[in-house]
Amino acid sequence: MRTLRLALLLALATARPGFSARARWGVIEPAGLDPRLNAQLSQAAARNDAELVTLASAREAARQRVTTLIELAEAESGTESFQDALRRLAGAAAAKLTPELASEGYLTELTYTGRSSRPSRIRITAATPEGFHQALTRVNDLVRVWPASLQTALLPRPKFVRTEQNGRRALVVDFPSFPIRGIVEGFYGVPWSHQDRLAMLRFEGQRRMNVYYYAPKDDPYHRQLWAEPYPPEQMKRLGELVEAARANFVDFCFAISPGLSMTYSSEADFAKLTSKLASVGRLGVSCFALFLDDVPPELQNPEDRARFATLGQAHVYVINKLYRHLVTLSANNHLTVTPTTYTNDWGNRDYIREVGAGADPRVDLVWTGPKTVSPRITATEAEEWGKLLHRRPLVWDNFPVNDGIPWRLNLGPLRGRDPNLPDATRGLFSNPMNQARASLIPLQTIAEYLWNSAAYDPDRAERKAVLDQYGKGASELLAVYLKTYGDYWWQDNIFKPIFVESRKPIDAPAINTRIAALLASLRPLRGEKRFQELLPEISPFPSKSREQLTRVQADPAFRHLANGRLLWREDHAVLEARRAASIPSLDGGFAKWQGSPIYALDSPAQLRSGRQVWKGPEQFSARAAFAWDDRYLYVGVDVTDPQLYQPFTGRGIEKGDFFRVTLEPAFRKNFTRQGADGDEYQLLFSPGNFAGVQPSLFSQEDYLPPRPHPRDYDKEIKTAWKKTDQGFSGDIAIPVDYFDGGKFQPGYEIGLSFGARKTFPPPPGKTDQESDHITFGSKADRLFPANFGNPSSYQRLVLK
């Protein structure tokens, strides 16, 4: 090896125990040292209140009265030779070391004198600036940890430690478990502030993460206005983020999400895409991401349907064309893609097979694990998904994100991630909470797992994160928050029953007691500067929970028990279906339903959207009635809609006027279930426009587990529609075999809600997504409206 000597002289405790003096650090800088490392050394010295001096050689150490010598030795023959050297030293601990991991690895040799815990000599060898950076993140701990404790006290734990000469010498060999480790700002809701992002990039550098995906869903220029350039002021801030990322050894990856409106076959749209990426690339970005998540899972544009047989074929075309374009501009450019199906939990397997087989193998493809939010992710599951992708997946971990559960924080440590996951994946990045500062506690635990997955201890990692970020005593001061929000959003948090309907008893006294404890715990935090950035993010949650509890206690859907608990009323908002005396005539007329219970959608309390544009029942409203026999569940529909707008069929009918039926056909089996598991149906019915557009129906299954036996809804479900003076009416007949047991009888219960939507044609120059809507739902409950994803929120339809 060719050795470049960099002497860093660190403070050393003197031979007299208890004596302390200001540390004096000396540095010998070789020519061409990455200036980011100089900045890192200066920051480390400042954190330790150390004086930093420059030395021409190691011999000056004694004259300058500095006591710890650190030499940075650059591996002579590059990464592959250094990989071999690390393997020779670490043995089995480096058995899985790859050149990619070795590029961020390092070797540290420590020498101790006297009775000090601080090394008198530190020699670091690395092959790249990134390796030196990772080694220097340890300096703060190395000057505090006794040599005998290096293996257990350093977090994350190094891959290999050996002590010699009765603890007077030590060897540390270290490298990451995952090559790609980081964060995606990929949540819905208010994006982080510029200062939050800068703080996050500094945090990543300090915690050995190396990528930041910029992808806030509600940045309009990322998603809705993807084709438009950023305004100058926002472009300036992006440039500042790129510079901050590079200063902290983080790869700033710019993501774009054009799938809501892009025509994949369009050369003009592709030119807009590349122009947008080029504008960001001029800031110094070489990492780009194409996010095709949460977009229509079928081709929407007539030009695309004419050119491509499937959505997968269209996406492969765009992915490969974009990748070729990027690498033509620079060999350093690389591309990550989030496919439309990104989890085992739901989506089209044929699509993911087609994308996996067709996309350039150098493109990373994203996977969220077995679920969108995965309690566990195993190496076996990753290997299975990798077979579909024809490559190892890159894990987008939706923890600790809380955009889908804004009523709570997620402060617990990362759990449920296989120690062997690095063997089956390209890397892992975390999608944090909307609360950037509060996210740092769980993010530090994630960073520890990513660096050394085999030695990761969740509870210890959390304790270390709280201590590092907020100092001594912080765990006690934050104990109530850590207890309350230390569970996970797939578990039954104490506040969940008041925010997510479950039909289970609600322990209002216990909830009130916990709210009081949270509020009381905030008082001592307000007087301490160390919590000033965290407090604005965590302090609103107790008050919001108390306000919600008050609303739930006043909700007529619940009975008040003597012990203060609340119990869901089974007789609340019940619908009835009477047995048909004879086979109903499916002619679309509503007159035959007049003797049945009729349920109206005509009240402001039933509005789910469009309150500002709804002018009353004469403009838009609906009625429904239900009946049954041994073969079908029948639904009669009458909609007041004088200005019917429905130019679409199939999937597209959700962009026009439609009637909706949401079913839980296994109602008692899933009585308290809070997640859709594949038994549910959300059926959208279009009457057409009684001119050139024919009636159609569509079953929204995009976010359900794949059905083992797909249904032919148009043939199985019978419908008839009729134009009326006020709008339209219709009959729907759903076969009995759609329901649990396949047999109806009096007293049989179905989870059901229904609704109707009116869409106003988009103004000239606007898209369908920019149209106004009026949406009614049959369940008039502002706290717990019917939610397709939560069967417990459906109404009860009882067969009489």
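Observations on the model:
- Using R0 = 22 Å, the C-beta based FRET efficiency linking residue 362 and residue 96 works out to 0.50.
- Comparing Cα centroids, region 163-213 and region 319-335 end up 27 angstrom apart.
- Fully extending the segment from residue 56 to residue 476, taken as 0.36 nm per residue of separation minus the present Cα-Cα distance, adds 146.4 nm.
- Calculated from backbone phi, Karplus (6.51, -1.76, 1.60) coupling profile of region 280-287 in Hz, x at Gly/Pro: 6, x, 5, 7, x, 8, 10, 9
- Atom-type composition of the exposed protein surface of the chain places 50 percent of the accessible area on carbon and sulfur (1.4 angstrom probe).
- Here r is the Cβ-Cβ distance between residue 246 and residue 144 and R0 is 41 Å; the resulting FRET efficiency, rounded to 0.05, is 0.90.
- A 1.4 Å probe run over the protein chains yields, for the chain, 41 Å² of accessible area per residue, whole-number rounding.
- Sequence-separation-based contact order of region 625-775, relative, with Cα cut under 8 Å and 6+ spacing, percent: 31
- Taking label points 7 Å from Cα along the Cα-to-Cβ direction, residue 565 and residue 517 give a separation of 1.9 nm.
- Sites matching GluC sites (Glu not before Pro) across region 608-690 that sit in DSSP coil, with at most 15 neighbouring C-beta atoms within 10 Å: 618
- Taking every alpha-carbon pair under 8 Å whose residues sit at least 6 apart, the chain reaches a relative contact order of 8 percent.
- For region 239-267 versus region 281-314, the gap between their alpha-carbon centres in whole angstrom: 15
- In the chain, the DSSP beta bridges split such that about 60 percent are antiparallel, to the nearest 5.
- Efficiency of FRET from Cβ geometry, residue 47 and residue 193, R₀ 25 Å, rounded to 0.05: 0.50
- Here the 3J(HN,Hα) profile of region 680-692, calculated from phi with Karplus coefficients 6.51, -1.76 and 1.60 at θ = phi - 60°, is 7, 10, 10, 9, 9, 10, 10, x, x, 10, 6, 9, x Hz, Gly and Pro shown as x.
- Accessible area, probe 1.4 Å, largest first, for residues 218, 34, 641: 218, 34, 641
- Global geometry of region 609-711, whether rounded, prolate or oblate, following the gyration tensor of its Cα atoms and the 1.5 cut on a/c: prolate
- Inter-label distance for residue 800 and residue 279, nm, one decimal - labels placed 7 Å from Cα along Cα-to-Cβ: 6.2
- Region 450-501-region 537-568 distance, computed between alpha-carbon centres (Å): 24
- Region 725-743 residues near the modelled residue 645 label - backbone nitrogen below 19 Å, point 7 Å along Cα→Cβ: 726-728
- Extension gain from residue 454 to residue 703, taking 0.36 nm per residue of separation minus the Cα-Cα distance: 86.3 nm
- Counting only Cα atoms, the size of the chain along its three principal axes is 104, 67, 47 Å, in decreasing order.
- Loop sites in region 396-442: trypsin sites (Lys or Arg not before Pro), DSSP, at most 11 other Cβ within 10 Å: none
- Exceeding the 26 Å Cα-Cα cut-off - candidates 483/544; 715/779; 159/217; 592/800: 715/779; 159/217
- Label positions at residue 81 and residue 526, each projected 7 Å from the Cα along the C-beta direction, are separated by 6.3 nm.
The values are calculated or read from the model by the stated rules, or taken from the named source; none is laboratory data. Computed from a prediction, not measured in an experiment: that's the story for all the values here. Note: ideal-geometry Cβ built from the backbone for every residue, glycine included; neighbour counts use all protein chains shown. These area figures cover heavy atoms from the full protein model, side chains too; ligands, DNA and RNA do not enter into them. Shrake-Rupley method; radii C 1.70, N 1.55, O 1.52, S 1.80 Å.
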